[in-house]
């Protein structure tokens, strides 16, 4: 096993924009985006913060860059393929990627992201829908509706105060606050969760299929 002294003597990879950004992604994954700073990123790379400015303009440039790295991990739809299958795969892939990078959804929805990966991703999305017969206006509405589901569901899943394993006990603790004469339906639903008749876990695929079926129906109406 190499000693600590040997590790210190081992040459580091040359500093580059790619290395800076990928290290920033790892840092954000492990410590949260709120903890990311030029100084801490420099420490993670074993260099002074000033050295980073040879490769990135500032922290804003880093945020733009790491968003683009994350978007590049998402499966973009294939133009000319079955649009419904492609958009389903795109949504599932995006949800999985954004769960791996819990900080990314908020950055994507709160910033103007025009990196090359994002532009390719959006172009492929619009292209897939357009070639399927959607007008540009409907394609724009469609992918925004799907992305609202992706990001909204992901943020809720990441921030929900209870774990799925705690749902039944949580429902039980809330039951005294739900008198049957005032909240009959909510109490009945909570009782189902307590009894195991319903797990109560949010289902990403359920909402996604509703959107895809609605878009398919809309496309069919416009084709008549």
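Read-outs throughout are calculated quantities, based only on the coordinates presented, and are distinct from any laboratory measurement. Worth saying up front: this structure is predicted, and the values here are computed from it rather than measured. Note that we place each Cβ from the backbone using ideal geometry, even for glycine, and neighbour counts take in every protein chain shown.
Here are the numbers for the structure shown:
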{"read-out": "Degrees between helix 59-72 axis and first principal axis of the chain (Cα, 0 to 90, nearest 10)", "value": "60"}
{"read-out": "Nearest-ten-degree value, helix 83-100 long axis tilted from longest Cα axis of the chain", "value": "60"}
{"read-out": "For the chain, built as a Gaussian network whose Cα springs stay under 10 Å, the top-fluctuating residue of 46, 65, 197", "value": "197"}
{"read-out": "Shape category assigned to segment 13-56 from the gyration tensor of Cα positions, a/c cut at 1.5", "value": "prolate"}
{"read-out": "Largest-first principal axis extents of the Cα set of the chain (Å)", "value": "70, 53, 33"}
{"read-out": "Translational D in µm²/s for segment 109-198 (Stokes-Einstein at 25 °C, 0.890 mPa s, Kirkwood Rh from C-alpha pairs)", "value": "146"}
{"read-out": "Alpha carbon centroid spacing (whole Å) that separates segment 74-105 from segment 116-150", "value": "12"}
{"read-out": "Among 96-106, 49-59, 176-186, the order from most to least packed when residues are scored by Cβ within 10 Å on average", "value": "96-106, 49-59, 176-186"}
